[in-house]
Amino acid sequence: MAPPKRIGVLTFHRCINYGSYWQARCLVEGLRAQGHDAVLLDHQSRRINLAEWRCALRPIPEADPRSYRQAYVSKARKFFAAFEDLPRSRPFPLHAPEQSEAYDLVLVGSDEVWNLRHPWYGGEGLFYGEGLPATRLASYAASFGNQPSSHALDEHWSQRLGRFHDISVRDRNSQELVMGATGHRPTLVLDPCLQFDQFIPRTTLPPSGTRYAVVYGHGFPEWLSVAVAAWAAANDIKLVSIGYDNAWADEQQIDAGPLQFADLMSRASAVITNFFHGCVFALVNGKPFVTAPTDYRFNKVRDLVGALSAEHHMVSPLTSSEELARLLVAPLDPQIGQQIGALRAESTAYLDRVLA
């Protein structure tokens, strides 16, 4: 067991997004369970808060701005309440990292912390370690998001990655970008929700009445929504959309908070998603799932299912209705669990080295 350390976890912990919330919570709680004094670095920015809140109140730009507005307001308020329960540092300005408290280790990640294309966090030097008073700097499950590995980092950002004592990423695309920038292949690790899944509450008892499948995401292609709706109707399964308005679902649970999200995922019979953490929560709960990621999330989802031998869960217009139905009822292939176990061991070994 490594001696206790003071650790600052640097991520997007105030995003009104289920995946961002849970990966931040799982990582910091996982470190605290090992005896470390770990907190989320509570960086503050009015500009970013306003951008985040605008997106939260109208996450689907093409939708009527009045539709479900109160539900989105309620959802945001539940996130604000959940943020207050997270272990956090003393607040400091995003652009004044030197005002942060000192730490033995700052661990950057998870999430798209290095994505220079992120609509409001892109290019913020804090996430590349600028100005932080830390003895050591490392990353855990960092990602470049939709920034493709074919677009190499320039010297400015490559030098900043060179400051890190250890680097791990959560997808192959990010692995290739870091290798191109530093000459070293970073460790591939699990998202914190899969690495420290014991901190995600589960409800094993199904609800009374009709079984339901979760719809998580927005902007689904019509071929998928039509096929899933037909499958659900034929099998007497209710489609419940969590967090976003999907008109083709039977029920909208737009105002679900982070804990409600975890509960609904744990009790579902299957998951239909185009989000990275929709796939992750299906895997955490051992649920059948299908995914058809948007362009923005394609790198992350493709590399997740590829790393876990779950590529067949990423469907396309060529996927037959019979295969789609099979994927939504069949138990997950045991090989997926074996791959998660192997990557969990590698992730644990990486953290043990970083925390030693």
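The values are calculated or read from the model by the stated rules, or taken from the named source; none is laboratory data. Bear in mind the structure is a predicted one, so any value in this text is a computation, not a measurement. Methodologically, a virtual Cβ is constructed for each residue, glycine included, from the backbone with ideal geometry; neighbour enumeration extends over all protein chains shown.
The table that follows gives values for the structure above.
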quantity: Only one of Glu323, Glu346 that is in contact with a His (Cβ under 9 Å, 6 or more places away or on another chain), in a helix (DSSP H, G or I) and not hydrophobic (A, V, I, L, M, F, W, C); calculated: Glu323
quantity: Index of the failed condition, Tyr72 passing every other in (1) within 30 Å of Lys5 (Cβ to Cβ); (2) hydroxyl-bearing (Ser, Thr, Tyr); (3) surrounded by 15 or more Cβ atoms within 10 Å (Cβ to Cβ); calculated: (1)
quantity: Residue tally, condition crowded, with 19+ Cβ neighbours inside 10 Å and over 28 Å from Leu308 (Cβ atoms), over the range 125-177; calculated: 6
quantity: Val169 out of contact with any Ser or Thr (no Cβ under 6 Å at 6 or more places or on another chain) and among the β-branched types (Val, Ile, Thr); calculated: yes
quantity: Residue satisfying condition, being of a type in the set (A, V, I, L, M), assigned to a helix (DSSP H, G or I) and either in contact with a strand residue (DSSP E or B) (Cβ under 9 Å, 6 or more places away or on another chain) or more than 25 Å from Asp191 (Cβ to Cβ) (or both), within set Val73, Val9, Val39; calculated: Val73
quantity: Some residue of the range 202-209 being within 30 Å of Ala142 (Cα to Cα) and either crowded, with 23+ Cβ neighbours inside 10 Å or at pLDDT 95 or above (or both); calculated: no
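Okay, residues lined up against (1) under 30 Å from Gly145 (Cβ atoms); (2) in a loop (DSSP other than H, G, I, E, B); (3) in contact with a strand residue (DSSP E or B) (Cβ under 9 Å, 6 or more places away or on another chain); (4) not assigned by TED's automatic domain parsing to the domain that holds Lys78:
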site: Phe220; (1), (2), (3), (4): yes, yes, yes, yes
site: Val226; (1), (2), (3), (4): yes, no, no, yes
site: Asp245; (1), (2), (3), (4): yes, yes, yes, yes
site: Ala249; (1), (2), (3), (4): yes, yes, yes, yes
site: Ala262; (1), (2), (3), (4): yes, no, no, yes
site: Ile272; (1), (2), (3), (4): yes, no, yes, yes
site: Val280; (1), (2), (3), (4): yes, no, no, yes
